[in-house]
1. Return the residues of region B:58-98 that are acidic (Asp, Glu), within 22 Å of B:Pro124 (Cα to Cα) and touching a Gly at 6+ places or on another chain (Cβ under 9 Å); say none if nothing qualifies.
2. Scan region A:146-167 and tell me whether some residue there is over 16 Å from the mean Cα position of the chain (by Cα), of a type in the set (Gly, Ala, Ser) and over 17 Å from A:Leu72 (Cβ atoms).
3. Pairs please, first residue from region A:133-161 and in contact (Cβ under 8 Å) with a residue 40 or more places away in the chain, second anywhere and among the hydroxyl-bearing types (Ser, Thr, Tyr) and loosely packed, with under 14 Cβ neighbours inside 10 Å, Cβ atoms under 9 Å, 6+ apart in sequence or on different chains.
4. Of all the residues that make up region A:134-165, how many are within 13 Å of A:Phe194 (Cα to Cα) and in a helix (DSSP H, G or I)?
5. I'm checking my understanding of the structure. Among residues of region B:32-51 that are polar (S, T, N, Q) and surrounded by 15 or more Cβ atoms within 10 Å (Cβ to Cβ), which one is modelled with the lowest pLDDT?
6. Tell me which residues, restricted to region B:41-65, are more than 7 Å from every other protein chain (Cβ to nearest Cβ) and small (Gly, Ala, Ser).
7. Just the residues that are over 25 Å from B:Ala187 (Cβ atoms) and charged (D, E, K, R), please, taken from region B:53-89.
8. Taking region A:35-73 as the search range and keeping residues that are basic (Lys, Arg) and under 11 Å from the mean Cα position of the chain (by Cα), which one is farthest from the other protein chains (Cβ to nearest Cβ)?
Amino acid sequence: MKLRLPDVLLLLVALVGGVLAWQTGRERGRLGDKYERMARKTGDLVVTDRSRIHVRALKTGDPMHFAWRVYLPANCTLKAKTNLGDSGSSWSSEPQEFIARVRFLEDEHGVLNLYTRLSGGSSRMGLGDPKLAELVRGRWGKLLVEQMGATELFAVEPDQPAVLLKLTLPDDMQAEARKALYPNEQARFIPAVFRLEFEPLVPKQ
Amino acid sequence: MTDTSPQPAEVETREPVGPRPGRARWQVGLQTLVLLMVAIAVWTAFFVNRRQIAALESRIAATRPLAHELGIEDVNKIAVVKLDELWYDENQWDIYLPEGKYRLCMATRGIDQNRLGPVVKSAPIAAGKHHLALEQQAIRSGWRITATWDGTGRLVAEESKDWDPGHGSMGGGRHSLSTQLAADQPAVLFRRIFSRSTGNNQFSTPSGPAEGLLLWIEPVAGSNKTP
């Protein structure tokens, strides 16, 4: 087969392109594997609109442990509050990605402890009387769970309120709680034993 | 009639046998066409790969601080990363120690913001990869501080109740991002100084040596090669 000059040039261009495509293909594969390995730990969050808060729930395998991968836009103030009081606020001039966690554990005194970690830091606090821990012990699977981003990626404007997690007692446990808990604790833990929400940055008119 | 009658011999000689001169430069052979398609395909693949690599690098950069993966670029250096906290003040690390002999050291008093403190407990720790955890527990007599690694190693110190009066503290676990450190220098994993009362319900962290908790790994003298 006789090659003409244009064919020789095209062959050279194709060979150089082929080598480069092979090298970049290998690099893309290596980075893809690396990202997949990391995403198995942290969840895969694809930010579609960099001006909105993005939330994707992560699986923890523990009914007392909730986690999310969160993206916060630049200059966003994240204020969080729970049915137990304010959970702090944070601000950053740069966009942030972090893993938020809410976890419940019973301590050695039989008191239910709450651990929360948002972008600004973490905290631990005891939740009321040991009677609350007794009420939910072994029955976490019965609580009605509303977890933001559990089924799909959730994106919200930073000035909109949004509930990150709500754990509601089912009717039969509410009836038990009314008998077991002190009146002031009934007001805090019935019907929702726990509720964590983002507060709007700018109050709606 | 003779003018219009066919003359086969003449017609045959006038029929074109090759490309007309005006078309020749635009005519492309099958071989050239195939080569052109291959060239376009491989260069398209190259540019698509480059775009996807840039997107992946950006996503990896955003994910790396959250993944807490131990990165070992230089096998002659110590590598350490503090793992993601799953509970309040949980301190766990993945560690790589290059060839050599090391010991894990703990100090509970005389701790300042920069230097190492007097060792109260220490234990040898082998070269290689380790998973290490540090825990401070309240016990009847005061406090128990426990460092464990790989389910087999254990370092325990006990302190009195006034060691940590519960007025707050400064510092904690280090290396949330994977870090490499020189193997011939101590690698500090945890440094915390407890706050003290300054009267009138005021508390502050002492600037000089004070009660606290310091955990580090250091080479055993004379055992390690300096890379």
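1. Initial filter on region B:58-98 (acidic (Asp, Glu)): B:69, B:73-74, B:84-85, B:89-90, B:94.
Applying the additional criterion that residues be within 22 Å of B:Pro124 (Cα to Cα) yields B:94.
Those that are acidic (Asp, Glu), within 22 Å of B:Pro124 (Cα to Cα) and touching a Gly at 6+ places or on another chain (Cβ under 9 Å): none in region B:58-98.
2. No; the residues of region A:146-167 include none that is over 16 Å from the mean Cα position of the chain (by Cα), of a type in the set (Gly, Ala, Ser) and over 17 Å from A:Leu72 (Cβ atoms).
3. A:Leu153/A:Thr48; A:Ala155/A:Thr48; A:Glu157/A:Ser51; A:Pro158/A:Ser51
4. Within region A:134-165, the first condition is being within 13 Å of A:Phe194 (Cα to Cα), and the residues that meet it are A:136, A:140, A:143-147, A:163-165.
Those still in the list that are in a helix (DSSP H, G or I) too: A:136, A:140.
Residues in region A:134-165 being within 13 Å of A:Phe194 (Cα to Cα) and in a helix (DSSP H, G or I): 2 in total.
5. B:Thr32
6. B:Ala41, B:Ala54, B:Ala55, B:Ser58, B:Ala61, listed by residue number.
7. Across region B:53-89, the qualifying residues are B:Glu57, B:Arg59.
8. Applying the first criterion (basic (Lys, Arg)) to region A:35-73 yields A:37, A:40-41, A:50, A:52, A:56, A:59, A:69.
Next cut, under 11 Å from the mean Cα position of the chain (by Cα) only: A:56, A:59, A:69.
Details: A:Arg56: 12, A:Lys59: 14, A:Arg69: 7 Å.
In this case the residue turns out to be A:Lys59.
The values are calculated or read from the model by the stated rules, or taken from the named source; none is laboratory data. Source: prediction; values computed, not measured. All Cβ positions, glycine included, derive from the backbone under ideal geometry; neighbour counts span all protein chains shown.
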